[in-house]
1. Looking at V277, is it of a type in the set (V, I, T), touching a residue at least 60 places away in the same chain (Cβ under 8 Å) and open to solvent by less than 80 Å² (accessible area, probe 1.4 Å)?
2. Go through the stretch 71-88 residue by residue and tally those that are closer than 20 Å to G398 by Cβ and exposed (fewer than 12 other Cβ atoms within 10 Å of the Cβ).
3. Can you pull out the residues in the stretch 91-110 that are touching a Pro at 6+ places or on another chain (Cβ under 9 Å) and either over 19 Å from Y250 (Cβ atoms) or of a type in the set (D, E, K, R) (or both)?
4. Looking at W229 and the list (1) within 21 Å of A296 (Cβ to Cβ); (2) surrounded by fewer than 22 Cβ atoms within 10 Å (Cβ to Cβ); (3) of a type in the set (F, W, Y), which single condition is not satisfied?
5. What tally of residues in the stretch 255-274 results from selecting those that are open to solvent by 20 Å² or more (accessible area, probe 1.4 Å), of a type in the set (A, V, I, L, M) and assigned to a helix (DSSP H, G or I)?
6. Do you know which residues across the stretch 176-194 are in a helix (DSSP H, G or I) and open to solvent by 10 Å² or more (accessible area, probe 1.4 Å)?
7. Among the residues of the stretch 340-372, which ones are of a type outside the set (A, V, I, L, M), surrounded by 24 or more Cβ atoms within 10 Å (Cβ to Cβ) and closer than 17 Å to S58 by Cβ?
8. Within the stretch 280-322, restricting attention to residues that are part of a loop (DSSP other than H, G, I, E, B) and touching a Ser or Thr at 6+ places or on another chain (Cβ under 8 Å), which residue is surrounded by the most Cβ atoms within 10 Å (Cβ to Cβ)?
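The values are calculated or read from the model by the stated rules, or taken from the named source; none is laboratory data. What you see is a predicted model, and the numbers here were worked out from it, not measured in a lab. Quick reminder, even Gly has a Cβ in these numbers, built from the backbone with ideal geometry, and neighbours come from all protein chains shown. Each accessible area value is taken on the protein alone, full model and side chains, heavy atoms only, with ligands, DNA and RNA left out. Shrake-Rupley method; radii C 1.70, N 1.55, O 1.52, S 1.80 Å.
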Amino acid sequence: MDVDALPPETPGEVTGGTAGTTDDGVAGTTDGGSAEAAPDEGAARRYRAQVWGGATRSMWRPSVDGTVGGRLRALADWTDAAGLADAAPDLYGDGLVEVLEERIAAELGMPAAVFFPTGTMAQQVALRCWAGRTGSPVVALHPLAHPEVHEDGALGAVSGLRTVHPTDAPRLPTAEEVRDHPEPFGTLMLELPLRDAGFVLPSWEELTAAVGAARERDAVVHFDGARLWECPTHFGRPLAEIAGLADSVYVSFYKSLDGMSGAALAGPEDLVAEARVWLHRYGGQVFQQYPVALAALRGLDTELPRLPSYVAHARVVAEALREALAAEGGPGWFRIHPEVPHTHQFQVWLPYEPDVLTAAALALTERTGACLFRRWSPPGAGGPPGTAVTEVTVAAAGLEWTAEDVRTAVRDFLALVAR
């Protein structure tokens, strides 16, 4: 579609704002939405959700795009189809929650698993349990790992743990960096994929070598596997074999599986038993969780088998984006990172201010119905000034995009940026 042939901007279209990054792909600070449409942060978020949620074509449709009624009806329909409609609601973690725990342990090839309401809680419990068992409160992890960037120093404030960094390069640490780190540590935590570095993964050989180096130091290995579900395509290994490298694994139910919320910690039976004690101490033993458990079970049945197709198509989309950005010549400089996506998510970098690009992304959806990009964010302390970055997720809705669809949307988007 020719953007120049479209009607001029109307009141209520986005005029800009500030940026940040969140997991929902929509919520943010005040980027997007005009003064009339979004006078405050909450209204800005709702405005973006309304625009992007109403797109006729989108790369993915996160749960925040839907309505309460629509989401509940879809979950109820699946519950009927799965033969679970007559199951009893759970009570303090029994019933459907136990069914989910058994399913997770089986998927990951682990002896046991325990449900947590949040991944932050699951991971803190795992690391403090290992600290008690190893006698070391020191956790080796990447400075871009979730506990360091997104948890407000909780490992130290809540559990008295201390962190060290085998590397600050935008990738997972190598075996040499793990082996040669000058300080002792009891646990090596590896985030697979490392989201804030661009959803990057090591090779299978690099991963096994890093795990082996930790074992040489008598350290245990914990995987932050919030997005572990996406990793088999890159590694060429089944999920259980990947998880089996670690002593414990945390997985999320909403980041890849389209669940409502929730997480699980999987590992040895004695570790999981101890984690259940800490689950209660942390206030995570919720009275009833059956909607969350059902949504997670649905994701395991419907989304998990489709993730390899999402990863494959993300590579098609990334290549089409690269071709279109190079052909248009408008940005002058751009970056697709990784060049070949390791998972179904990757980064796009452009040399504009974030509010300009978020405004264009919203306007593109309003004018053409296509949601190519969502929020754009500043590059962070290590990024080049005058640039912005966004995360692209390719899920079920994205499978409908051809390479030509992507190239057309890029042309229309860049025309709006130029304005």
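1. Judged against the criteria, V277 is not a match.
2. Selection size over the stretch 71-88: 0.
3. Let us first name the residues in the stretch 91-110 that are touching a Pro at 6+ places or on another chain (Cβ under 9 Å), namely 95-96, 105, 109-110.
Listed by number, the residues that qualify are G95, L96.
4. Condition (2) is where W229 drops out.
5. The total comes to 1.
6. E176, E177, R179, D180
7. H344, Q345, F346, T358, T365, C371
8. Filtering first and then ranking leaves G284.
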